1. So which residues in segment 150-182 are among the hydroxyl-bearing types (Ser, Thr, Tyr) and closer than 23 Å to residue 412 by Cβ, if there are any at all?
2. If only one of 255, 267 is open to solvent by less than 40 Å² (accessible area, probe 1.4 Å) and either closer than 26 Å to residue 391 by Cβ or touching a helix residue (DSSP H, G or I) at 6+ places or on another chain (Cβ under 7 Å) (or both), which one is it?
3. Does segment 345-367 hold any residues that are in contact (Cβ under 8 Å) with a residue 40 or more places away in the chain, in a helix (DSSP H, G or I) and either assigned by TED's automatic domain parsing to the domain that holds residue 105 or more than 16 Å from residue 409 (Cβ to Cβ) (or both), and which are they?
4. For segment 372-403: of the residues being farther than 21 Å from residue 324 by Cβ and of a type in the set (Gly, Ala, Ser), which is surrounded by the most Cβ atoms within 10 Å (Cβ to Cβ)?
5. Consider residue 406 carefully, then state whether it is within 16 Å of ligand 2 (Cβ to nearest atom) and open to solvent by 10 Å² or more (accessible area, probe 1.4 Å).
6. Of everything in segment 165-206 that's among the aliphatic types (A, V, I, L, M) and part of a loop (DSSP other than H, G, I, E, B), which residue is most open to solvent (accessible area, probe 1.4 Å)?
7. Filter segment 1-42 down to the residues that are of a type in the set (Val, Ile, Thr), over 23 Å from the mean Cα position of the chain (by Cα) and at pLDDT 95 or above and list them by number.
8. So is residue 318 modelled with pLDDT of 95 or more, more than 30 Å from residue 508 (Cβ to Cβ), in a helix (DSSP H, G or I) and among the basic types (Lys, Arg) or not?
Amino acid sequence: MTRPVLVPILGDQLSRNLSSLEGLTPDEAVLLLMEVWDEATYVKHHKQKIVLIFSAMRHFAEELRADGWQVDYIRLDDPANTGSFTGEVARAVERHAPSEIRVTEGGEWRVAQAMEEWAGRFPCPVSILPDTRFIATHADFRAFAEGRQHLTMEYFYREMRRKTGLLMRPDGKPEGGIWNLDAENRQPPKQGLKAPPAPKFPPDAITREVIALVGERFADHFGDLEPFGWPVTRTQALEAAEAFFARRLELFGPYQDAMVAGEDDLYHSMLSTSINCGLLDPLELCRAAEAAYKEGRAPLNSVEGFIRQIIGWREYVRGFYWHTMPGLAEANALAATRPLPEFFWTGATDMACIADCIRTTREDAHAHHIQRLMVLGNFCLIAGIAPQEVADWYLVVYADAYEWVELPNVAGMILYADGGRLATKPYAASGNYINRMSNYCKGCRYKVAEKTGPDACPFNPLYWHFMVANRQRLESNHRIGRIYATWDRMGEAKQAEYLESAEAFLASLAPASRAWSRYDA
Ligand code: FAD
Ligand code: DLZ
Ligand code: SF4
């Protein structure tokens, strides 16, 4: 081989459709995959997330080799491993003397910054290419955002529908005559609601070896290591997608917001881990969902809802991330400073809803959207938890978490820390919402119908405590401001009861030990 092109492939780029591979043939390139300590520990990721990434990387490397590619694979326990992407690219440059380094842009700000420095550091040209697995380019999002104060997802989503043609009629109108069927997708769970199970993939020899490595090297990280059942190859991920389309898509829409104790994923797809690390292509999933609608296998509200999550929310938060970084990581518009309570790590709380969401998070490195948003997120919002602590927690605990998708959801969607650029109002809710959309309250030691006092559902006084603390900022918001009339009518004695109950509850919270923090050595 003449001097090869060196193609670093990161752990969330496990796809043959990478821009960095386009036009290359196996005889021209060396593909570099690196297990590095820095990536595995910049936050103390859930053990299953590390297993997922390392195992998927090792399987992908095997598949590439079988197709004739020259793969340079650096294992975590390689004694010469420098522990960082830049250090490993430097060693690979020495080994292969490449004519060029060609890489698809990093998904996270931190990694993209490091890549920018490669050009001045290595004795060959460095090409950083756009990540074409996303539908919207950075320029598309900039054009959308220009001149807008509120970056409302809905308008961005319509642009993505037009760009992809998904669920569009030939006359340029949306299928069914309506863009967004969310109003049909809010059914509470009916008694005994149970979804068909999602496939689990028993660990093969490669995954078992990684499980042993993670058990040994990352024992102090959060979460259960086993049982591990995430898809780690494209074949498995496609099987998981097929199963979703066949068994769950039909009722995905109606029960999208429902929660049932012990029923961890209901009708959700469980595909985010595979999409985000590259095993599945977002557009192929949307086309498969659209086909299910056209062939009469799933109703429009479910299919539109699924497609909206992907070409709407997923694309939107990625654009939002790059548009607002690095400021977004520091944003704290509501000046929230309370430390994250210890029970976020242990699950030891009497709040049945929170305990169940943290249990599934610990067991599976997953919780579904409404658990992340309306239980855990809502709690963090109305308890005034510091955004950076919340963001670290979400980045640690979910197997699908990468900063580009986690941070806009945390700082923008749940905490309003961005001052309302992403969401038009904070998603603050009392226990009523959780009671309507779940069966959690029936099994809780707190009483959702009680508004104040030691037995009252903590969400009830916390809701008013939050609203009162942020009155100046929120009163002029036309979507939420009118609620202050209710507060003002309540009378001083009731108001004092609410505030005292909230304060007493907040005072009882033990802060998390620093052992989990990203800033801990
Ligand atoms: P489904 O409900 O089946 O949805 C289908 C797909 O739509 C998902 O796989 C995902 O790719 C996409 N999607 C849905 N909602 C969102 C959203 N709000 N933002 C981006 N994509 C979305 N998702 C992540 O992939 N990584 C994260 O780190 C992450 N952090 C979150 C943090 C908070 C505070 C909140 C409220 C949401 C977060 N989400 C995140 C979004 C969402 O909760 C997960 O994508 C979803 O739960 C994954 O499960 P699923 O594949 O079964 O999703
Ligand atoms: C999440 C993760 C982990 C735990 N480990 C690695 C790794 O060792 N090597 C790697 O290439 N990628 C890893 N990743 C995913 C990266 O963090 C991700 O590719 C970057 O954050 C860019 O989004
Ligand atoms: Fe959660 Fe309150 Fe219901 Fe208990 S009563 S499950 S704390 S919403």
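The values are calculated or read from the model by the stated rules, or taken from the named source; none is laboratory data. Just so you know, these numbers come straight off a predicted model, no measurement behind them. Every residue, glycine among them, receives a Cβ derived from its backbone with ideal geometry; neighbour counts consider all protein chains shown. Note: accessible area is taken over every heavy atom of the protein model, side chains too, but ligands, DNA and RNA are not part of it. Shrake-Rupley method; radii C 1.70, N 1.55, O 1.52, S 1.80 Å.
1. Taking segment 150-182 first, the residues among the hydroxyl-bearing types (Ser, Thr, Tyr) are 152, 155, 157, 164.
Scanning segment 150-182 gives 152, 155, 157.
2. Numbers: 255 fails: either closer than 26 Å to residue 391 by Cβ or touching a helix residue (DSSP H, G or I) at 6+ places or on another chain (Cβ under 7 Å) (or both).
After ruling out the rest, the residue left standing is 267.
3. Selection gives 345, 352, 353, 356, 360, 362, 363, 364.
4. Result: 399.
5. Details: within 16 Å of ligand 2 (Cβ to nearest atom): yes; open to solvent by 10 Å² or more (accessible area, probe 1.4 Å): yes.
The answer is yes for residue 406.
6. Step one: of segment 165-206, the residues among the aliphatic types (A, V, I, L, M) are 166-168, 178, 181, 183, 193, 195, 198, 205-206.
Applying the additional criterion that residues be part of a loop (DSSP other than H, G, I, E, B) yields 166-167, 178, 181, 193, 195, 198.
Numbers: 166: 0, 167: 3, 178: 81, 181: 15, 193: 10, 195: 17, 198: 27 Å².
My answer is 178.
7. Of all residues in segment 1-42, those of a type in the set (Val, Ile, Thr) come to 2, 5, 7, 9, 25, 30, 36, 41.
Adding the requirement that they be over 23 Å from the mean Cα position of the chain (by Cα) leaves 2, 5, 7, 25, 30.
Those that are of a type in the set (Val, Ile, Thr), over 23 Å from the mean Cα position of the chain (by Cα) and at pLDDT 95 or above: 5, 7, 25, 30.
8. Working: modelled with pLDDT of 95 or more: yes; more than 30 Å from residue 508 (Cβ to Cβ): yes; in a helix (DSSP H, G or I): yes; among the basic types (Lys, Arg): yes.
Against the criterion (modelled with pLDDT of 95 or more, more than 30 Å from residue 508 (Cβ to Cβ), in a helix (DSSP H, G or I) and among the basic types (Lys, Arg)), residue 318 qualifies.
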